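The structure appears below as structure tokens.
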Amino acid sequence: MLKTSDYITRLREAIMHYDADEATKVAKEALKAGVDPVEAIEKGIAVGIREMGERFQRFEIFLPHLVMASDATTDAMEVLVAAIPEDRIGLVKRGRIVVGTVEGDLHDLGKNVVVMMLKSAGFEVFDLGKDVRTEVLVERAQELDADLIAVSSLMTTTRPYQRELVEELVRLGLRDRIKVLVGGGPVTREWAEEIGADGYGRDAVEGIAEAKRLLGVDE
Amino acid sequence: MIELIEVAERARTGPRLEEKKWNLTLFRKMQELIKEYDLSSRGVEEFINTDDHLADDAFEAALDFIVDVGAYCITTNRVIHFDEEEVRKAVREAPDQVLMGEGIDARVFKQGIVDGCKPININPGHHAPFTEDLGPLVAKNFAQIPRTDFIEGFNFPIVDGRDVYDQPLEAYAAIREVAWMREGVRKAGRPGLAIVLYPISTRASSLIAPMNPKLGLRPTDGLLMSTLPDVKVEYDHITTAIVFSNYGYFAVNGSFGMAGGFCGGPEGAMIEGIVRPIIGYIAYGDSLHYTGVEHLAYVMGERIVLHPVNWARSVVFQALSRNTNMIYMEWNITCSELCTETGLLENALRSIEATVNGAALYAPRVSRARMNAGQTPVEPEFMIEVSDATVKAKLKREEAGKILQQIADRLKGRSPEKGKTIQECYDLVKHKPSNEYQEIYRKVKKDLVDLGLEFQYT
């Protein structure tokens, strides 16, 4: 008979071995054995994906490893979250974030890193990709009831679209509900302040710290 | 060569694939090829590769990648396939020299020679952000560097006092960029010097806008049209390539492999660094390629990452030299900012490395370039001096590797150094660095003399 801690260890290891099938299987077995899904998420999955994020920061693993670990996380979370009663769901939700590079900008390397790091920090992330028009960012954020939109631009000439995003949210009366985080090569804290963004990340690490601050997530 | 319109056709009709699946397919194939060709365990302890067989194997691995996997079009989400004969033919046909510029300012840009003993070609800048008031003056200063073969444009957020924002302003800004470059080279007394358009935006409208033999881009000029990381291409560039190639312009491809990205570690990036120039030639008609291997943390300006990235980069250059005609350049980027000792040491290391690997110098900017703080003429002039000293010393790969090791020792434990803006450390009217920058330059140069390099001017 396996103990709760055994299931938690197996879940953590499945994430760290990028094994989505195993993660889903263990999640189902854990529920069947009566393991609290919130505990399984917090002590198993969250710890595993956070460790992967730290390994990535130390350059021990690369972007594809983080993508695969994140896929395993998503699959196992789907099983476990479905088993959490409505009144406890807030315990595992850290916030919903829409991410993209702004219109006209095809540089998505930094954005890809941020997406993976946000996922490894436990956020629900919707990556809209690159060259995303402002209307699309806002529409998707509304549809998904997102808490934050994170946008990057690598060119000085695409930076104004970050301002456009803030203005569009103001125009639609959504500014109080959806926060804005900006980043990218030519983006500075001064620029973020000038356009009225809520947060700025010089790099992925700073971006993730800002997202946590903006969404009130404690470590 | 496969016609560009055929590439466009394949991008429109090739098999559909989700981008995320492409990324993971790329990674898995790279891992498979690293194992198959045993790329990770041969000579990795060296600073510069000396194993020619390894370079050849890396090249074959890259060809296998193109033939088995292809390239990905992000506009259509389709895979573009090429057969082996097409790829090998393209590699054979790629030009080994490009005639650029006009009249007495025309230059020939050539493929370099590994362990060669001739001065290499150089693009000293820009590829960096400058404000519109400084633009033409900056261009003049870079054109004043006698060894400059071509200069690239720059980007700027404001034109005529308006934000460069959306297609009409982007197209207008692209026209202004080239006009300022032309003005700059004229003021430098080199009106025929070749100019390369730095994209204000990657949309075809702004790439094509400055084509104008009288006031804009002449057919002897070029444009930067890079393949995207992870072996991706897109429609705007294919469209632009079709237009430009019909009028005879040359095109430059930024095409290094990114260690830490979807290709994996340095060995995967090594394969990507060979694949992307080939795809750039086939899909966009690019004839000059700044390639090699970079590290995610270095490019983002987070930390100075050297070995084994240098080693992997050298394998890329040697693979292209030994197996193709392609003209390759080293992207001599630094983590440290302007007017710093660390920055010049980083420049020196990469200049020596480029020279012995037969890579031309492509001097872009510091990795996280602030406005008006991306570059000064000091760095490319210094790179040329270091490169010439390397040639003069007849350094071969093995001896050069030892010097690089010593420079790396000096850089060990250092964080990227904060620096100054161009106005703070360079007089653009007198074409002269500040006293502080001159002091730093002399100190680093003396350091290199102590390591065995002999400069023409002390």
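Count, please, the residues in region A:184-197 that happen to be within 19 Å of A:Val115 (Cα to Cα) and surrounded by fewer than 18 Cβ atoms within 10 Å (Cβ to Cβ).
Residues that pass the stated criteria total 0.
I want to confirm something. Restricting to region A:36-59 and keeping residues that are charged (D, E, K, R) and away from chain B (no Cβ under 14 Å), which single residue is farthest from the chain's Cα centre (by Cα)?
Checking each candidate, the answer is A:Asp36.
Counting just the residues of region A:123-146 that are touching a residue at least 40 places away in the same chain (Cβ under 8 Å) and touching a Gly at 6+ places or on another chain (Cβ under 9 Å), which one comes out surrounded by the fewest Cβ atoms within 10 Å (Cβ to Cβ)?
A:Arg140
Step by step: first the residues of region B:338-371, then only those that are touching a helix residue (DSSP H, G or I) at 6+ places or on another chain (Cβ under 8 Å) and part of a loop (DSSP other than H, G, I, E, B), then the one that is nearest to B:Ser287 (Cα to Cα). Which residue is that?
B:Ala359
Do we have any residue at all in region B:83-94 that's surrounded by 15 or more Cβ atoms within 10 Å (Cβ to Cβ), away from every other protein chain (no Cβ under 14 Å), touching a strand residue (DSSP E or B) at 6+ places or on another chain (Cβ under 7 Å) and in contact (Cβ under 8 Å) with a residue 40 or more places away in the chain?
No, because not a single residue in region B:83-94 is surrounded by 15 or more Cβ atoms within 10 Å (Cβ to Cβ), away from every other protein chain (no Cβ under 14 Å), touching a strand residue (DSSP E or B) at 6+ places or on another chain (Cβ under 7 Å) and in contact (Cβ under 8 Å) with a residue 40 or more places away in the chain.
Tell me which of these A:Val217 doesn't satisfy, since it passes every other one: (1) part of a loop (DSSP other than H, G, I, E, B); (2) within 12 Å of another protein chain (Cβ to nearest Cβ).
Looking at each condition in turn, A:Val217 falls short on (2).
Can you tell me which residues in region B:48-68 are surrounded by fewer than 20 Cβ atoms within 10 Å (Cβ to Cβ) and in contact with a Phe, Trp or Tyr (Cβ under 9 Å, 6 or more places away or on another chain)?
Answer for region B:48-68, where residues must be surrounded by fewer than 20 Cβ atoms within 10 Å (Cβ to Cβ) and in contact with a Phe, Trp or Tyr (Cβ under 9 Å, 6 or more places away or on another chain): B:Asp57, B:Glu60, B:Asp64, B:Val67.
Yes or no: A:Met52 surrounded by 20 or more Cβ atoms within 10 Å (Cβ to Cβ) and in contact (Cβ under 8 Å) with a residue 60 or more places away in the chain?
So A:Met52 passes the test.
Can A:Gly100 be described as in contact with a His (Cβ under 9 Å, 6 or more places away or on another chain), in contact (Cβ under 8 Å) with a residue 24 or more places away in the chain and either within 30 Å of B:Ala174 (Cα to Cα) or assigned to a loop (DSSP other than H, G, I, E, B) (or both)?
The answer is no for A:Gly100.
List pairs: first in region A:147-160 and touching a residue at least 40 places away in the same chain (Cβ under 8 Å), second among the aromatic types (Phe, Trp, Tyr) and in a loop (DSSP other than H, G, I, E, B), Cβ under 7 Å, 6+ apart or cross-chain?
Short answer, once both residue conditions are applied: none.
Would you pick out the residues in region A:152-183 that are charged (D, E, K, R) and surrounded by fewer than 24 Cβ atoms within 10 Å (Cβ to Cβ)?
Across region A:152-183, the qualifying residues are A:Arg163, A:Glu164, A:Glu167, A:Glu168, A:Arg171, A:Arg175, A:Asp176, A:Arg177, A:Lys179.
Does A:Leu118 qualify as being in the same structural domain as A:Val102 (by TED's automatic domain parsing) and surrounded by 24 or more Cβ atoms within 10 Å (Cβ to Cβ)?
When the stated conditions are applied, A:Leu118 passes them.
Can you find a residue in region A:67-80 that is within 12 Å of chain B (Cβ to nearest Cβ), without any contact (Cβ under 8 Å) to a residue 12 or more places away in the chain, surrounded by fewer than 21 Cβ atoms within 10 Å (Cβ to Cβ) and not β-branched (Val, Ile, Thr)?
no
Scan region A:118-166 residue by residue and report those that are within 17 Å of the chain's Cα centre (by Cα) and within 14 Å of chain B (Cβ to nearest Cβ).
Result: A:Lys119, A:Val125, A:Phe126, A:Asp127, A:Leu128, A:Gly129, A:Lys130, A:Ser152.
Considering region A:170-203 alone, what residues qualify as being over 21 Å from the mean Cα position of the chain (by Cα) and either part of a loop (DSSP other than H, G, I, E, B) or away from chain B (no Cβ under 14 Å) (or both)?
Scanning region A:170-203 gives A:Val170, A:Arg171, A:Leu172, A:Gly173, A:Pro186, A:Thr188, A:Glu193, A:Gly196.
For region B:288-337, which positions are part of a loop (DSSP other than H, G, I, E, B) and under 12 Å from the mean Cα position of the chain (by Cα)?
B:Gly292, B:Asn332, B:Ile333
If the requirement is being modelled with pLDDT under 95, touching an Asp or Glu at 6+ places or on another chain (Cβ under 9 Å) and within 23 Å of B:Gly285 (Cα to Cα), which of these qualifies: B:Met100, B:Met1?
Result of the check over B:Met100, B:Met1: B:Met1.
Give the residues of region B:129-152 that are within 12 Å of chain A (Cβ to nearest Cβ) and closer than 20 Å to B:Thr202 by Cβ, sorted by residue number.
B:Pro129, B:Phe130, listed by residue number.
The values are calculated or read from the model by the stated rules, or taken from the named source; none is laboratory data. What you see is a predicted model, and the numbers here were worked out from it, not measured in a lab. Neighbour counts run over all protein chains shown; Cβ positions are idealised from the backbone, glycine included.
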